[in-house]
Amino acid sequence: MSLDKITSSNVWMRLTNTEYDNLKPDELEVKFKSIYLEETGELFEGEVKIYHSSDSKNTANLESGYDGTSLLISEGGEEKLYVINQGSVDGADWRENIKGPFAGKSTKQAEATKVFVDDSKNHFGIEDDTEVVSFGHSLGNHNSTITGIVDDTFDEIYGVNGLQLPPLEVYDYDPTFFEAVNQHFGIKNPDDVTKIPSNKLAEFTKDYYKDSPVKIHQKISTDDPLFAVTEKAGLVTFGDVEMIDTNPEVDGIKNLVDDIPDDVIASFRDLAIDYSVADNNGGVNEVASQLLGVKLEYLEGIKGGMDVLQWYAFDHDEFDETIKSLKDNLPPLLEKVSVITQNADTIFGRLYEEGYITEDQKNIMIKEVANLEKDLSEAYAAIYENADINENLNELSLYGDYRLYKAFQKLKGSFTGSIENILNSGILESLESIKGSHSIEEMLNALTGGNKSYSGKDLIYTTTGAGGEPIEVNMSAALRLYREGALIFEDKMSAIAKLEKAVHEEIQLAFKEERKKVFDEIYHIESNPKGYAYSRGWMHRYPLYEVESLNVMDNVYPLERADLDEQVYEMKSSVDSGYKLIEDYRKAVEDLFAEEEKLSQMFDLVRGI
């Protein structure tokens with residue numbers, strides 16, 4: 001059946017990857033049919049209906065940051081509802097990653113997933129027995145898994161490099177699991193659930209949901225950073241899992257992660273996510289502001305101790321806000337940085353050994369992390385010793401202006417300077433390979449052999465040229481060009497046909513009609529000369545004369561300069577040249593890949609999308 005080919009080929013993964021483009025329904029339908037053709041060599045002739053989460057008021061009201069698309073696809077009497085749950089994209093998603101999977105403090109996106117599926121069923125008017133299939137990557141797979149095993153929202157789940165099931169989040173989401181955990185581990189205060197050893201809670205979770213009817217299929221890269229932290233984070237994996245080495249050039253980041261203490265991983269993860277969210281909002285200054293909890297522009301005018309006194313005296317509220325925020329935010333930040341500093345040789349040494357970063361980048365990271373800790377420690381000490389907050393009276397007392405000035409200088413200059421030095425080292429670019437191993441693109445390339453590969457969202461064919469050099473052709477783009485070009489030229493030919501019809505109807509026929517009117521009037525005059533003479537008043541003016549006959553001297557010239565045949569011919573020739581161009585392009589591509597039997601058929605079929 002055609003629908004089986006959606007999940008038995010790479011169609012589902014490419015469709016999941018396309019979800020990140022947030023296409024309009026008509027664009028997504030074309031994209032789905034294009035992917036189906038490229039992967040199966042067949043034209044999908046069934047019906048596709050699309051509904052996006054942005055159109056679901058119930059989903060939007062949860063304000064979870066959830067993003068998804070449902071496709072009701074039917075063909076040959078078979079119908080299924082496919083739901084694509086988008087993975088982490090923006091700050092809202094990453095905040096959910098922290099609060100939900102890693103901290104167990106939010107279930108909003110899992111709730112939103114179930115609500116959206118229910119709304120999709122209502123929107124399409126389908127029965128509860130219609131099979132519902134989920135596609136998800138990263139956070140999208142996590143959302144599917146939670147509501148799938150707890151609520152039976154899905155019959156089947158297909159995930160790629162997915163975030164696995166977090167027991168702490170399920171504890172907050174599923175009331176029956178909540179009770180079972182409390183009873184099994186003797187929990188009386190829900191906050192004490194975090195005291196259960198993560199491996200014990202993971203084992204209990206795995207056993208508790210082992211009989212869930214949902215069928216889960218996962219493809220996970222051995223180099224995926226999420227997979228690397230799954231065990232240490234106490235996450236649980238369900239379903240049949242196919243592990244794939246997507247980056248054979250490195251041993252895999254899991255080996256590295258296993259060598260680093262859990263508390264270091266937690267600190268590193270929190271800082272990385274804080275950095276990611278803040279950097280998306282405004283670069284280095286925003287990163288510093290978010291981590292410190294203060295607005296750096298407040299510190300711009302501080303050039304000496306007197307500036308501190310003036311700030312304290314004339315902008316007391318602003319000064320209080322800054323000092324209180326620093327007193328609140330510096331200790332936890334300093335604690336995370338200190339943990340990383342103490343293990344910097346291990347962390348960055350292992351990254352260097354595994355080939356993820358250069359030796360220079362390793363040394364820069366070790367140095368700059370140490371500088372960060374030193375600057376943060378000195379700044380906190382200066383603030384703690386020279387500014388006192390009376391919590392009862394909500395008042396701030398200032399003891400030393402110069403040391404505070406130096407503290408502000410360190411926060412404004414040294415802190416942001418260390419971040420800039422890290423960024424300028426190119427380490428983030430070097431670590432892109434880790435991020436790449438989380439991508440769907442790398443997974444697709446690892447699964448695809450022969451002369452096929454993927455770049456971004458497109459399918460690439462590769463052959464060898466006469467000189468032995470590889471020749472790559474973006475087949476997705478080639479088929480798009482052929483289809484869209486053919487559609488353009490079809491529209492042009494249609495417009496030319498309309499022009500020809502207009503010329504015939506509006507000019508030639510109009511001329512014939514007007515000429516007929518003239519000849520009809522001439523006939524009327526010549527056949528009734530006396531009547532015409534009386535109508536013109538001639539007989540009153542010349543009573544002694546009688547009109548016996550009238551002869552109209554007519555000379556109606558033929559229609560001239562209304563023949564557009566030459567212009568129409570030129571327009572048709574231009575379209576024919578365009579057709580020839582895309583047909584020549586098609587032939588060139590087919591000649592390059594003559595061994596691909598389905599390629600010619602794909603070019604024929606793509607015009608039917």
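Summary of computed values
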quantity	calculated
Residues located in the stretch 210-234, provided they are over 19 Å from VAL132 (Cβ atoms) and open to solvent by 20 Å² or more (accessible area, probe 1.4 Å)	LYS210, ASP211, LYS219, THR222, PRO225, LEU226, PHE227, VAL229, GLU231, LYS232, ALA233
Flag if ALA510 is closer than 18 Å to GLU566 by Cβ and either open to solvent by 60 Å² or more (accessible area, probe 1.4 Å) or in the same structural domain as VAL568 (by TED's automatic domain parsing) (or both)	no
Residue among GLU597, GLU570 that alone is assigned to a helix (DSSP H, G or I), acidic (Asp, Glu) and out of contact with any Cys (no Cβ under 8 Å at 6 or more places or on another chain)	GLU570
Some residue of the stretch 177-185 being free of Cβ contacts under 8 Å to residues at least 60 places away in the same chain, farther than 20 Å from PHE227 by Cα, charged (D, E, K, R) and open to solvent by 20 Å² or more (accessible area, probe 1.4 Å)	yes
VAL193 in contact with a helix residue (DSSP H, G or I) (Cβ under 9 Å, 6 or more places away or on another chain) and either among the aliphatic types (A, V, I, L, M) or assigned by TED's automatic domain parsing to the domain that holds SER138 (or both)	yes
Looking only at the stretch 235-259, and only at residues there that are in contact with a Leu (Cβ under 8 Å, 6 or more places away or on another chain) and modelled with pLDDT of 80 or more, the one that is most open to solvent (accessible area, probe 1.4 Å)	THR237
Residue count, the stretch 488-523 (criterion: in contact (Cβ under 8 Å) with a residue 60 or more places away in the chain and among the hydrophobic types (A, V, I, L, M, F, W, C))	6
Filtered residues of the stretch 20-49 (kept if loosely packed, with under 15 Cβ neighbours inside 10 Å, free of Cβ contacts under 8 Å to residues at least 24 places away in the same chain and in a helix (DSSP H, G or I))	ASP26, GLU27
Some residue of the stretch 497-509 being in a helix (DSSP H, G or I), touching a Leu at 6+ places or on another chain (Cβ under 6 Å) and not aliphatic (A, V, I, L, M)	no
Residue match in the stretch 543-562 (condition: open to solvent by less than 100 Å² (accessible area, probe 1.4 Å), of a type outside the set (Ser, Thr, Tyr) and assigned to a helix (DSSP H, G or I))	no
Total residues in the stretch 195-221, condition closer than 13 Å to ILE440 by Cα and polar (S, T, N, Q)	2
Any hit, the stretch 368-381, residues being of a type in the set (Lys, Arg) and in contact with a helix residue (DSSP H, G or I) (Cβ under 6 Å, 6 or more places away or on another chain)	no
Residue count for the stretch 190-200, restricted to those that are touching a Leu at 6+ places or on another chain (Cβ under 8 Å) and surrounded by 15 or more Cβ atoms within 10 Å (Cβ to Cβ)	1
Positions within the stretch 196-243 being among the hydrophobic types (A, V, I, L, M, F, W, C), assigned to a helix (DSSP H, G or I) and in contact (Cβ under 8 Å) with a residue 40 or more places away in the chain, in sequence order	LEU226, PHE227, VAL229
Residue under evaluation GLU484, criteria (1) without any contact (Cβ under 8 Å) to a residue 24 or more places away in the chain; (2) assigned to a strand (DSSP E or B), criterion not met	(2)
Verdict on THR130 being over 26 Å from the mean Cα position of the chain (by Cα), open to solvent by less than 20 Å² (accessible area, probe 1.4 Å) and more than 28 Å from ASP223 (Cα to Cα)	yes
Tally, over the stretch 320-349, of residues that are open to solvent by 50 Å² or more (accessible area, probe 1.4 Å), modelled with pLDDT of 80 or more and more than 14 Å from SER377 (Cβ to Cβ)	2
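The rows are residues; the columns are (1) open to solvent by less than 30 Å² (accessible area, probe 1.4 Å); (2) modelled with pLDDT of 95 or more; (3) over 30 Å from LEU163 (Cβ atoms).
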site: LYS435; (1), (2), (3): no, no, no
site: SER439; (1), (2), (3): no, no, no
site: GLU442; (1), (2), (3): no, no, no
site: GLY450; (1), (2), (3): no, no, yes
site: THR464; (1), (2), (3): no, no, yes
site: GLY467; (1), (2), (3): no, no, yes
site: PRO470; (1), (2), (3): no, no, yes
site: VAL473; (1), (2), (3): yes, no, yes
site: SER476; (1), (2), (3): yes, yes, no
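The values are calculated or read from the model by the stated rules, or taken from the named source; none is laboratory data. This one's a predicted model, so the numbers in the text were calculated from it and none came from an experiment. Reconstructed Cβ throughout: ideal geometry from the backbone, glycine too, with neighbour counts over all protein chains shown. Calculation scope for accessible area: heavy atoms of the full protein, side chains included, ligands and nucleic acids excluded. Shrake-Rupley method; radii C 1.70, N 1.55, O 1.52, S 1.80 Å.
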